[in-house]
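**Student:** Next up is a structure, given as structure tokens.
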Amino acid sequence: MRGSLWQLGQSIIRRLSEADKKAVARRYFASEADLKKTVLYDFHVAHGGKMVPFAGWSMPIQYKDSIMDSTVNCRENGGMFDVSHMCGLSLKGKDSVSFLEKLVIADVAGLAPGTGTLTVFTNEKGGAIDDSVITKVKDDHIYLVVNAGCRDKDLAHIEEHMKAFKAKGGDVSWHIHDERSLLALQGPLAAPVLQHLTKDDLSKLYFGEFRILDINGATCFLTRTGYTGEDGFEISVPSENALDLAKAILEKSEGKVRLTGLGARDSLRLEAGLCLYGNDMEQHISPVEAGLTWAIGKRRRAEGGFLGAEVILKQLAEGPSIRRVGFTSTGPPPRSHSEIQDEKGNNIGEITSGGYSPCLKKNIAMGYVKSGLHKAGTKAKILVRGKAYDGVVTKMPFVPTKYYKPS
């Protein structure tokens, strides 16, 4: 365990304070014997993957290249991530849309079949239980993916509300896709490489869209989405076909798409200004405070009807008291829980994620500050190990996104 934590400490966890390390350890780490393994575990090890405990799974933090090089390669060429620790599930039944709308902020009914969106599961106080990418496959079939670290609480939350909904005559059932694995293929080579493995024309599949199609001889759920800011795909593949698909992707890329681990995934999502649940979103943070107002459907803003709607709609009308913002800074990279001060030394907020950007070659971070101090260009001081360094509120994403959208 100490060796694994040390490796992790050299990448993600080095950004955390001692107190935060203990909290993360309690939340994410288990003994080796308790850890689950994806079907690609041996494949990762054979390719030099450094395996660490994460959310109850043994996952690769990096491979033979450095996290810095791996991050840059994903943006210049491509990266393939094993994200099979995440939980995919389907809701089916004629009332599946109306059921889900009780739990999330998205206008699910307004989605066209074969399209999806980022959304947030909220609690009664308007806080975030988890964020999720949901897709309306058909009017009676919703496919969604929830975070590995939130799986147990998410499933319990959904099940509790489903029982009550069905008891009132609602038609909805679910299936948890534990028989499938999930690969993310990201970067400029993602589409040309994947096109070699399917007869379907990927140029007609845009960001946020979903298809069920044959890839490398297996029936896959394909979503044009990701967690890097790059163009790319998440591929749900039957687990018995996952290894062959992973090998085929690497082979067709002629070595340019590399296996990429959790370390680079964290750097990439931070550069893209994307939230990490447990850091940048929590049970006490609302979607409005988190800067995800755009994810609240127009109809939902008018009608409500989801958990915590009263709190969230009030924040939309009056403005939230705190807001998530980006920062660039001098000195050592800010850590989670680093204090943010104004230029007079008054506390105005806290960093939630921070690090050194491999692509921009400078410190970047995100955190929450008091409303009114959230405008780009606002100067601040960020405390790292007790010393104050200059910081400035910066628009996100830090690295421009390259999502594939209709021109």
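The values are calculated or read from the model by the stated rules, or taken from the named source; none is laboratory data. In this text, all values refer to a predicted model and were calculated from it rather than measured experimentally. Methodologically, a virtual Cβ is constructed for each residue, glycine included, from the backbone with ideal geometry; neighbour enumeration extends over all protein chains shown. When the accessible area is computed, the model is the full protein with side chains, heavy atoms only, and any ligands, DNA or RNA have been set aside. Shrake-Rupley method; radii C 1.70, N 1.55, O 1.52, S 1.80 Å.
**Student:** If the requirement is being within 30 Å of F210 (Cα to Cα), of a type in the set (K, R) and open to solvent by 60 Å² or more (accessible area, probe 1.4 Å), which of these qualifies: K370, K395, K362?
**Tutor:** After ruling out the rest, the residue left standing is K395.
**Student:** Being free of Cβ contacts under 8 Å to residues at least 12 places away in the same chain and under 27 Å from T228 (Cβ atoms) is true for just one of K402, K361. Which residue is that? Don't jump to the end; show me each part of the working.
**Tutor:** Working: K402 fails: free of Cβ contacts under 8 Å to residues at least 12 places away in the same chain.
None of the others qualify; the one that does is K361.
**Student:** Among the candidates G391, G354, G372, G367, single out the residue that is under 23 Å from H284 (Cα atoms), among the small types (G, A, S) and touching a Phe, Trp or Tyr at 6+ places or on another chain (Cβ under 7 Å).
**Tutor:** It is G367.
**Student:** Follow-up question, since we're still on this one. Does A128 meet the test of being in contact (Cβ under 8 Å) with a residue 24 or more places away in the chain, closer than 19 Å to T223 by Cα and not β-branched (V, I, T)?
**Tutor:** no
**Student:** Sort out which residues of segment 111-147 are under 18 Å from S98 (Cβ atoms), in contact with a Ser or Thr (Cβ under 7 Å, 6 or more places away or on another chain) and part of a loop (DSSP other than H, G, I, E, B), and write them in order of number.
**Tutor:** L111, D140
**Student:** Inside segment 89-102, can you point out the residues that are open to solvent by less than 10 Å² (accessible area, probe 1.4 Å) and either within 30 Å of V52 (Cα to Cα) or of a type in the set (S, T, Y) (or both)? Please lay out each step first, then the result.
**Tutor:** As a first pass, look at segment 89-102 and keep what is open to solvent by less than 10 Å² (accessible area, probe 1.4 Å): 89-91, 96, 99-100.
Across segment 89-102, the qualifying residues are L89, S90, S96.
**Student:** Kindly provide the set of residues from segment 283-313 that are open to solvent by less than 60 Å² (accessible area, probe 1.4 Å) and within 16 Å of V369 (Cα to Cα), ordered by number.
**Tutor:** I285, S286, P287, V288, E289, A290, G291, L292
**Student:** Testing R265 on (1) in a helix (DSSP H, G or I); (2) open to solvent by 20 Å² or more (accessible area, probe 1.4 Å); (3) in contact with a Pro (Cβ under 9 Å, 6 or more places away or on another chain), one condition comes back false. Which one is that?
**Tutor:** (3)
**Student:** Which one of T71, T117 is in contact (Cβ under 8 Å) with a residue 12 or more places away in the chain, polar (S, T, N, Q) and more than 30 Å from K50 (Cβ to Cβ)?
**Tutor:** Unique residue meeting the criteria: T117.
**Student:** Among all residue pairs at least 6 apart or on different chains, which show Cβ distances below 8 Å where the first residue, located in segment 157-184, is among the β-branched types (V, I, T) and the second is assigned to a helix (DSSP H, G or I) and surrounded by 15 or more Cβ atoms within 10 Å (Cβ to Cβ)?
**Tutor:** Short answer, once both residue conditions are applied: V172/S96; V172/F99; V172/M162; V172/F165; V172/K166; I176/L155.
**Student:** Tally time: how many residues in segment 314-359 are in contact with a helix residue (DSSP H, G or I) (Cβ under 7 Å, 6 or more places away or on another chain) and either open to solvent by 20 Å² or more (accessible area, probe 1.4 Å) or modelled with pLDDT under 95 (or both)?
**Tutor:** 5
**Student:** Please determine whether any residue of segment 215-223 is open to solvent by 20 Å² or more (accessible area, probe 1.4 Å) and over 19 Å from K138 (Cα atoms). Talk me through it step by step, then tell me what you get.
**Tutor:** The initial filter retains those residues of segment 215-223 that are open to solvent by 20 Å² or more (accessible area, probe 1.4 Å), namely 216-217, 219, 221.
If we keep only those that are over 19 Å from K138 (Cα atoms) too, we end up with 216-217.
Among the residues of segment 215-223, at least one is open to solvent by 20 Å² or more (accessible area, probe 1.4 Å) and over 19 Å from K138 (Cα atoms), which makes the answer yes.
**Student:** Return yes when I176 is open to solvent by 10 Å² or more (accessible area, probe 1.4 Å), in contact with a strand residue (DSSP E or B) (Cβ under 8 Å, 6 or more places away or on another chain) and either among the β-branched types (V, I, T) or closer than 30 Å to P406 by Cα (or both) and no when it is not.
**Tutor:** Spelling it out, I176 is indeed open to solvent by 10 Å² or more (accessible area, probe 1.4 Å), in contact with a strand residue (DSSP E or B) (Cβ under 8 Å, 6 or more places away or on another chain) and either among the β-branched types (V, I, T) or closer than 30 Å to P406 by Cα (or both).
**Student:** Could you name every one of the helices (runs of 4 or more DSSP H) located completely within segment 1-87 that has at least 1 residues being modelled with pLDDT under 95 and surrounded by fewer than 20 Cβ atoms within 10 Å (Cβ to Cβ)?
**Tutor:** On the way: elements: 2-9, 18-28, 41-46, 67-76.
Ranges flagged: 2-9, 18-28.
**Student:** Being in contact (Cβ under 8 Å) with a residue 12 or more places away in the chain, open to solvent by 10 Å² or more (accessible area, probe 1.4 Å) and farther than 30 Å from Y356 by Cβ narrows it down to one residue among K256, K252; which is it?
**Tutor:** The match here is K252.
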